[in-house]
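Contents: one structure, followed by commentary.
The values are calculated or read from the model by the stated rules, or taken from the named source; none is laboratory data. Computed from a prediction, not measured in an experiment: that's the story for all the values here. FYI the Cβ positions are ideal-geometry reconstructions off the backbone, even for glycines, and counts take in every protein chain you see. These area figures cover heavy atoms from the full protein model, side chains too; ligands, DNA and RNA do not enter into them. Shrake-Rupley method; radii C 1.70, N 1.55, O 1.52, S 1.80 Å.
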Amino acid sequence: MTTTPTTSHWGAFRVRTAPGGAVTVEPHPADPSPSPLLGGVPGALHHPTRIARPAVRAGWLEHGPGPSSRRGAEPFVEVEWEHALDLVAAELDRVRNEFGHQAVFGGSYGWASAGRFHHAQSQLHRFLAQFGGYTGSRNSYSLGTSLVLLPHVVGDAEAVLRASSSWPTITRHTRLIVAFGGIPAKNVHVTPGGVTRHGTPGHLAALAAAGVDIALVSPLRDDLSDGPPTDWYPVAPGTDTALMLALTHTLLVEGLHDRAFLDRCTTGWDTLAGYLDGSADGIPKDADWAAPICGIAPDRIRGLARRMAATRTLVTVTWSLQRARYGEQPVWAGLALAAALGQIGLPGGGFGHGYGSMGDVGDTGSALRLPFLPQGPNPVDEFIPCARIADLLLHPGEEYDYDGTRRRYPDIRLVHWAGGNPFHHHQDLGRLRRAFARPDTVVVHEPHWTATARHADIVLPITTALEREDLGGGRRDTHLIAMHRAVAPYGEARDDHAVLAALAERLGFGAEFTEGRTPRGWLVHLYEEWADRLRADGAGDPPPFRAFWSAGEWRLPEQAAERTLFEEFRADPEGRPLATPSGRIELHSATVAALALPDCPGHPAWLDPPERLGTAAAERHPLLLVANQPATRLHSQLDVGAPSLSDKVAGREAVELHPADAAARAVGDGDLVRIFNDRGACLAGARLTDRLRPGVVRLPTGAWFDPVPGTEPPLCAHGNPNVLTADEPSSRLSQGCTGQHALVEIERWSGGEPPPVTVRHPPVLLTAPAMPAPESTP
Ligand SMILES: Nc1nc2c(c(=O)[nH]1)N[C@H]1C(S)=C(S)[C@@H](COP(=O)(O)OP(=O)(O)OC[C@H]3O[C@@H](n4cnc5c(=O)[nH]c(N)nc54)[C@H](O)[C@@H]3O)O[C@H]1N2
Ligand SMILES: Nc1nc2c(c(=O)[nH]1)N[C@H]1C(S)=C(S)[C@@H](COP(=O)(O)OP(=O)(O)OC[C@H]3O[C@@H](n4cnc5c(=O)[nH]c(N)nc54)[C@H](O)[C@@H]3O)O[C@H]1N2
Ligand SMILES: [Mo]
């Protein structure tokens, strides 16, 4: 039995390997609240869906590159590594010679695995940059809207997230948290890159112990654990902006707003006030106006506003609110509400974004930048906002707006994806399937036969983090972890780095890509370079690599426990201005207003989303689906692990619905149901609960997409919500992802024997007849 240290996006842990190769895991001893996701690791590691050998889609192998609607519908032919690498190198070379470097899409959005060196995207971007360039992608599905909006409003999006008021400050000073989207305990186990000490569950317990009141504004009661004293405001999804405006209106008309703070630290209040009181458009945004939109009674709205003004109040907005049409508005309106209260910059007051979205928001772990692999500049300046992937592939040459610029989609011929699963994460998967039919070639690096691998032409089997050595740690982590190799690579799987080094070798820049180092040599180099910098800056004194490696970890220096967002700015707005044009918080932005975008005006405003409860579209599809993050896995990762599998209902992903909605459809607990709208349909297992707002149903993301062959629009046999979501941007300002909401209808499955879930078996794999090597390689 050997025990090795490692880390993951859901926490640091130890791997115990029995002589026969059987693996068990145990959490890091310093972790007070280990993630339940850990339990998914052993089952996923050697699951039959692991990719054992390189494989090429039969039609591509036969006919060569070209658009094909057969992607995802053909068997694969397993080939030798040398053959697969020759094919990829030759195709990269052909595409750049015939169409130019911008014809290669290397945006490759997605999470992949923890590990600072073997980070799949960093490896791919370094490779493609040295290759001569590629079309990249910007921002994230997580925060695509806020990352574009916040610089206009507070100068720097990252600063808001990085410098968010700390949990110890909140538990000490805050009396009332108004939590739009709640503080879901299910999400805080995850932080990109790793987390050793999960702090948030303890902080939530401390909130309860301190008797901090929480106003939970969410369609789901489970967005807050049962501990703290809670008033539940079961808002209709997509309508928080109306509620926030009405709260701010109450503060305004009752004189509860802080005029001195607004004058000193913000700009645009008068414009916003004119919109709130109706002098701008004749419609006062009062509680009576908001109530029928958001589903919260007027007296509850007014009462909440008065309570907020009477005590130290933190307004928090989870990231989910901006992952929707007009997603800028609830973030901007939330900031305006906090500004009107005048508590921004006071301990325990003000605004927060993402408490309960990610484990590190509000954490006090290390602020150090960790070792990283240099990617080098991309010689091509083409990029897309990441959620525009289907538009990019479907509409080459078409123009679109992005953050005040007008851009044009390049013509993509080759898609190279390493780390990330677009056939899980993107909206309207039926449309994405059509988009993926367009390029000449799709290359995917993957450990598992995910839907994305199945929609590729050339599939390269990749090791998991347990099968290689690395350095691991996340934003605000407490430890840098020596990730030892725990088990041998699965089948013929290779590291992304090894694959790209072999391709670079074939394309003539092998030495530049590896700089002559082995992977272990890279770890030593990245670590020592980082340690030297820390010592030079006086920021820490890590041991030499060998000592670090044998100890298995190094304890990172942590930040002070107390931290208040915008404290310095509030103390001295003239001397410490924000990086906005006015130097202040912009409740009206002249820059945004000048863009004259109908879907993002110059101040926070109520824009009616096309899909919400009570709109015309709801007549045919009357239920509002919340497609939020799953509790039992990280997106699609670990869907074949034990926690995720044991949570399925009727063999499919569980959809939660209110007993009244179920009764109206003769759906019983545990029944197989079909969820559908005009974009697609999926099967799911019904789970009845009164802990959500009637009319709202919940189907989380990440069940592996399992389209029933021949269905168009697709019927997913397994329950991936993205067959139902719309591929529409949040706005023309940010072009962010809007996957959180969709209108749907549900019926009990009555179609006889239901289509089976097939995605937990590998696709049909053929063996290549002895294949001659291609004549020449570049
Ligand atoms: N409807 C709806 N859709 C959403 C969301 C939503 O709220 N609603 N949320 C969105 C959000 S916030 C996000 S971040 C995205 C997440 O979307 P993704 O990041 O695409 O999701 P993952 O399932 O984490 O995909 C990671 C993939 O990388 C693979 N992988 C792991 N390690 C390695 C490695 O070392 N090398 C390689 N080559 N591959 C590796 C895994 O097997 C997995 O297939 O989903 C988005 N989609
Ligand atoms: N276990 C687990 N944790 C994760 C992830 C995972 O896959 N699994 N993914 C991680 C990633 S990549 C990210 S970006 C973050 C995402 O963090 P978030 O985007 O904050 O997470 P979600 O779970 O999508 O949404 C949080 C809650 O918002 C509520 N909500 C949805 N729509 C509305 C609305 O219109 N109004 C209000 N008031 N509430 C609404 C939902 O009930 C939901 O549970 O989570 C991270 N944490
Ligand atoms: Mo995300």
- prompt: Which members of the range 643-686 meet the condition of being assigned to a strand (DSSP E or B), surrounded by 20 or more Cβ atoms within 10 Å (Cβ to Cβ) and among the charged types (D, E, K, R)?
  reply: ARG652, GLU656
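The rows are residues; the columns are (1) free of Cβ contacts under 8 Å to residues at least 60 places away in the same chain; (2) within 29 Å of VAL708 (Cβ to Cβ); (3) more than 16 Å from ligand 1 (Cβ to nearest atom).
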| residue | (1), (2), (3) |
| --- | --- |
| VAL79 | no, yes, yes |
| ALA84 | no, no, no |
| GLU91 | no, no, yes |
| ALA103 | no, no, yes |
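Evaluate the following for PRO228: is it open to solvent by less than 40 Å² (accessible area, probe 1.4 Å), within 16 Å of ligand 1 (Cβ to nearest atom) and closer than 27 Å to ALA309 by Cα?
Working: open to solvent by less than 40 Å² (accessible area, probe 1.4 Å): yes; within 16 Å of ligand 1 (Cβ to nearest atom): no; closer than 27 Å to ALA309 by Cα: yes.
It is false that PRO228 is open to solvent by less than 40 Å² (accessible area, probe 1.4 Å), within 16 Å of ligand 1 (Cβ to nearest atom) and closer than 27 Å to ALA309 by Cα.
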- prompt: Can you name the number of the only condition in (1) among the small types (Gly, Ala, Ser); (2) crowded, with 22+ Cβ neighbours inside 10 Å; (3) assigned by TED's automatic domain parsing to the domain that holds PHE569 that GLY155 fails?
  reply: (2)
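Please find, within the range 621-631, the residue that is nearest to GLY238 (Cα to Cα) out of those that are over 12 Å from the mean Cα position of the chain (by Cα) and near ligand 2 (Cβ under 7 Å from one of its atoms).
Going through the range 621-631, the residues over 12 Å from the mean Cα position of the chain (by Cα) turn out to be 621-627, 631.
Now drop any that are not near ligand 2 (Cβ under 7 Å from one of its atoms), which leaves 626, 631.
Numbers: VAL626: 10, ALA631: 22 Å.
Here the answer is VAL626.
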- prompt: If a residue has to be more than 16 Å from ligand 2 (Cβ to nearest atom) and surrounded by fewer than 24 Cβ atoms within 10 Å (Cβ to Cβ) to count, how many in the range 415-432 make the cut?
  reply: 3
- prompt: When you look at LEU460, is it touching a Pro at 6+ places or on another chain (Cβ under 7 Å) and among the aliphatic types (A, V, I, L, M), yes or no?
  reply: yes
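Hey, among the residues in the range 28-43 that are among the hydrophobic types (A, V, I, L, M, F, W, C) and in a helix (DSSP H, G or I), which one's farthest from THR478 (Cα to Cα)?
Here is the first cut: in the range 28-43, the ones among the hydrophobic types (A, V, I, L, M, F, W, C) are 30, 37-38, 41.
Filter again for in a helix (DSSP H, G or I), leaving 37-38, 41.
Details: LEU37: 20, LEU38: 19, VAL41: 22 Å.
Ranking the qualifying residues of the range 28-43, first place goes to VAL41.
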- request: Kindly indicate whether any position in the range 632-645 is more than 26 Å from the chain's Cα centre (by Cα) and either more than 10 Å from ligand 2 (Cβ to nearest atom) or without any contact (Cβ under 8 Å) to a residue 24 or more places away in the chain (or both).
  value: no
task: For the range 69-77, indicate whether the set of residues that are touching a Pro at 6+ places or on another chain (Cβ under 9 Å), open to solvent by 50 Å² or more (accessible area, probe 1.4 Å) and among the charged types (D, E, K, R) is non-empty.
output: no
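Within the range 730-751, does at least one residue satisfy the condition of being of a type in the set (A, V, I, L, M), touching a strand residue (DSSP E or B) at 6+ places or on another chain (Cβ under 7 Å), over 22 Å from HIS658 (Cβ atoms) and open to solvent by less than 30 Å² (accessible area, probe 1.4 Å)?
In the first step, residues of the range 730-751 are kept if they are of a type in the set (A, V, I, L, M); the result is 733, 742-744, 746.
Filter once more, so that each one left must be touching a strand residue (DSSP E or B) at 6+ places or on another chain (Cβ under 7 Å): 733, 742-744, 746.
Next, only the ones that are over 22 Å from HIS658 (Cβ atoms) stay: 733.
Remaining after also requiring open to solvent by less than 30 Å² (accessible area, probe 1.4 Å): 733.
Yes, there is a match, as at least one residue in the range 730-751 is of a type in the set (A, V, I, L, M), touching a strand residue (DSSP E or B) at 6+ places or on another chain (Cβ under 7 Å), over 22 Å from HIS658 (Cβ atoms) and open to solvent by less than 30 Å² (accessible area, probe 1.4 Å).
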- prompt: Only one of these conditions is not met by ASN722: (1) assigned to a loop (DSSP other than H, G, I, E, B); (2) at pLDDT 95 or above; (3) out of contact with any His (no Cβ under 6 Å at 6 or more places or on another chain). Which number is it?
  reply: (1)
field: Qualifying positions in the range 571-611 - open to solvent by 70 Å² or more (accessible area, probe 1.4 Å) and either under 27 Å from the mean Cα position of the chain (by Cα) or of a type in the set (Asp, Glu) (or both)
entry: GLU574, ALA579, PRO598, ASP608
message: Restricting to the range 239-256, name every residue that is in a loop (DSSP other than H, G, I, E, B) and open to solvent by 40 Å² or more (accessible area, probe 1.4 Å).
response: GLU254, GLY255, LEU256
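Could you name every one of the strands (runs of 3 or more DSSP E) located completely within the range 456-570 that has at least 3 residues being among the hydrophobic types (A, V, I, L, M, F, W, C) and surrounded by 16 or more Cβ atoms within 10 Å (Cβ to Cβ)? Explain how you work it out, then say what you get.
Numbers: elements: 458-461, 470-472, 479-483, 553-555.
Answer list for the range 456-570: 458-461, 479-483.
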query: Could you give every pair whose Cβ atoms fall below 8 Å, whose first residue belongs to the range 277-298 and is without any contact (Cβ under 8 Å) to a residue 60 or more places away in the chain, and whose second residue is aromatic (Phe, Trp, Tyr), counting only separations of at least 6 or pairs across chains?
result: ASP281/TYR275; ILE283/TRP289
- prompt: Restricting attention to the range 738-778, and to residues there that are assigned to a loop (DSSP other than H, G, I, E, B) and among the small types (Gly, Ala, Ser), which single residue is modelled with the lowest pLDDT?
  reply: SER776
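Confirm whether GLY356 is at pLDDT below 95 and within 16 Å of ligand 3 (Cβ to nearest atom).
Details: at pLDDT below 95: yes; within 16 Å of ligand 3 (Cβ to nearest atom): yes.
When the stated conditions are applied, GLY356 passes them.
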Meets criteria (assigned by TED's automatic domain parsing to the domain that holds ASP440, among the charged types (D, E, K, R) and either touching a helix residue (DSSP H, G or I) at 6+ places or on another chain (Cβ under 8 Å) or open to solvent by 10 Å² or more (accessible area, probe 1.4 Å) (or both)) for ARG172: no
query: In the range 19-60, which residue that is without any contact (Cβ under 8 Å) to a residue 40 or more places away in the chain and among the aliphatic types (A, V, I, L, M) is most open to solvent (accessible area, probe 1.4 Å)?
result: ALA22
query: Pairs, please: C-beta under 6 Å, at least 6 apart or cross-chain, first residue modelled with pLDDT of 95 or more and in the range 579-601, second open to solvent by 70 Å² or more (accessible area, probe 1.4 Å)?
result: GLY583/PRO577; LEU597/ARG732; ASP599/ARG732
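Got a sec? Which of ALA686, ALA717 is touching a strand residue (DSSP E or B) at 6+ places or on another chain (Cβ under 6 Å), among the small types (Gly, Ala, Ser), under 16 Å from ALA663 (Cβ atoms) and modelled with pLDDT of 95 or more? Before the answer, list the steps.
On the way: ALA717 fails: under 16 Å from ALA663 (Cβ atoms).
Just a single option satisfies the conditions, and that option is ALA686.
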